[in-house]
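Report on the following structure.
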Amino acid sequence: MTHELKTLLETAINWETEGLISVLATVVDLDGSSYRRPGVRMLLNNKGQWIGAVSGGCVEKEVYRQAKSVFQTGAAKMMTYDGRYRLGCEGVLYILLEPVSLSEAFKSAFFYCIKERIIFSISSYYKKQEGVWDGLGSVFKFEGKTFSIQDTKEQGFVQRPKEGLEFKQILQPCFKLVIIGTEHDAVKLSEYASLTGWEVTIVSKGTEAKSAEFFPKAKVFKALAPEHIQSLSIDNQTAIVLMTHNFAMDLRYLVALNGEKPNYIGLLGSTRRRDDLLSQFIEYCPDVSDEFLDIIYGPAGVDIGSETPEEIAISIVSEILAVTRDRETYSLRKKSGKIHARLK
């Protein structure tokens, strides 16, 4: 969610410099089921352009049609979309449409939280009725300070409409994937992770042939010795994959990571390599916690029969998503034998 919101607000700022008016559409409630859940957003401008989506693509034109009055009046409004009659879906969407006018103080506070990986919240005030009422809108809270996206003052606050409702979100830092290694399979994993919307950091030993130009979507590319790995600001919105293809180097990085708290550490290679790596790791770190061992997944990936670097990347990204969203899958680390199928 956070990376989508970041993209939308960056676009709103760019559109404003072009003299365009922006409207933010947020799904704030849902009766029944829908393709996407409350909290999804899209951004539209008065020239007929939009980015993001609040559905699988079937609702967006209606959102733009409804947003035209917001472009003209500057007043936030509620719209509903009943998919039961139009699409055969089972849900009714309640969508808040509000003009976007970001103060310099808002921009500063928002991008500071993004850069420093600080949690923030959004409260969207709405009604489950179509129409325009005073008080409709979203309030962002950054480190105790509140800002409205409809107000150019340094601090603004939107009063909840009478008998109105509140949809509140707590937004975590943008999810980050740290890839340690720069071989061909790391290039593919970086590409797929970037497509997923994750911030990608590439850690090089400094002796590899591949440079930053092989990782155009990565946010960070740096040569970093194992003893300096803590400088990457690792938190519980961080996944790490060790793929240097060098046993001793993977072991050094794993030892250096002991005590950090990412939500996932993936080990590339066979089950035997994993067992040898963990055995030596425990010798170096006999006091390692069970919690740290629980976040190590080796061999990394979901058991989908991956063979090519592209398929392996899909497998690893899928496992990280499952771990992050607390979903049960059949991970390769549960296998005791070979992870590749026998050739017939």
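Condition check: free of Cβ contacts under 8 Å to residues at least 24 places away in the same chain, in the same structural domain as GLY137 (by TED's automatic domain parsing) and touching a Ser or Thr at 6+ places or on another chain (Cβ under 9 Å). Does ARG41 satisfy that? Can you show your working first?
Working: free of Cβ contacts under 8 Å to residues at least 24 places away in the same chain: no; in the same structural domain as GLY137 (by TED's automatic domain parsing): yes; touching a Ser or Thr at 6+ places or on another chain (Cβ under 9 Å): yes.
No: the conditions fail for ARG41.
From ALA239, ALA212, ALA218, grab the single residue that is at pLDDT 95 or above, within 24 Å of the chain's Cα centre (by Cα) and of a type in the set (Gly, Ala, Ser).
Exactly one residue qualifies, and that residue is ALA239.
For region 70-104, which positions are modelled with pLDDT under 90 and assigned to a helix (DSSP H, G or I)?
Matches in region 70-104: GLY83, ARG84, TYR85, ARG86.
Does LEU5 meet the test of being in a strand (DSSP E or B), in contact (Cβ under 8 Å) with a residue 60 or more places away in the chain and closer than 26 Å to LYS115 by Cβ?
When the stated conditions are applied, LEU5 does not pass them.
Any residue at all in region 91-111 that's surrounded by 13 or more Cβ atoms within 10 Å (Cβ to Cβ), more than 21 Å from VAL28 (Cα to Cα), in contact with an Asp or Glu (Cβ under 9 Å, 6 or more places away or on another chain) and of a type in the set (A, V, I, L, M)?
Yes, that holds for at least one residue.
Determine the pairs where a residue that is closer than 21 Å to LYS188 by Cβ, located within region 217-229, has a partner that is surrounded by 13 or more Cβ atoms within 10 Å (Cβ to Cβ) and of a type in the set (Phe, Trp, Tyr) with Cβ atoms under 6 Å apart, the partner being 6 or more residues away or on another chain.
The qualifying pairs are PHE221/PHE215.
From GLU291, GLU310, which residue is under 18 Å from SER190 (Cα atoms), surrounded by fewer than 17 Cβ atoms within 10 Å (Cβ to Cβ) and either under 28 Å from the mean Cα position of the chain (by Cα) or not assigned by TED's automatic domain parsing to the domain that holds SER194 (or both)?
Matching residue, one of GLU291, GLU310: GLU310.
Just checking, does region 291-298 include any residue being under 23 Å from TYR192 (Cα atoms), among the hydrophobic types (A, V, I, L, M, F, W, C) and out of contact with any strand residue (DSSP E or B) (no Cβ under 9 Å at 6 or more places or on another chain)?
Checked region 291-298: no residue is under 23 Å from TYR192 (Cα atoms), among the hydrophobic types (A, V, I, L, M, F, W, C) and out of contact with any strand residue (DSSP E or B) (no Cβ under 9 Å at 6 or more places or on another chain).
Would you please name the residue that is surrounded by the most Cβ atoms within 10 Å (Cβ to Cβ), looking only at residues in region 183-230 that are hydroxyl-bearing (Ser, Thr, Tyr) and within 20 Å of ARG252 (Cα to Cα)?
THR201
Looking at (1) closer than 19 Å to GLU130 by Cα; (2) in contact with a helix residue (DSSP H, G or I) (Cβ under 9 Å, 6 or more places away or on another chain); (3) at pLDDT below 95, find the lone condition where LEU30 falls short.
(2)
Would it be correct to say that GLU260 is acidic (Asp, Glu) and in contact (Cβ under 8 Å) with a residue 24 or more places away in the chain?
yes
Which ones in region 37-58 are part of a loop (DSSP other than H, G, I, E, B) and either modelled with pLDDT under 85 or of a type in the set (Gly, Ala, Ser) (or both)?
Within region 37-58, ARG37, GLY39, GLY48, ALA53, VAL54, SER55, GLY56, GLY57, CYS58 meet the criteria.
Taking region 263-282 on its own, how many of its residues are out of contact with any helix residue (DSSP H, G or I) (no Cβ under 9 Å at 6 or more places or on another chain) and either at pLDDT below 95 or over 20 Å from PRO226 (Cα atoms) (or both)?
Total satisfying the criteria: 3.
The values are calculated or read from the model by the stated rules, or taken from the named source; none is laboratory data. Just so we're clear, the structure is a prediction, and the values are computed from it rather than from any experiment. Quick reminder, even Gly has a Cβ in these numbers, built from the backbone with ideal geometry, and neighbours come from all protein chains shown.
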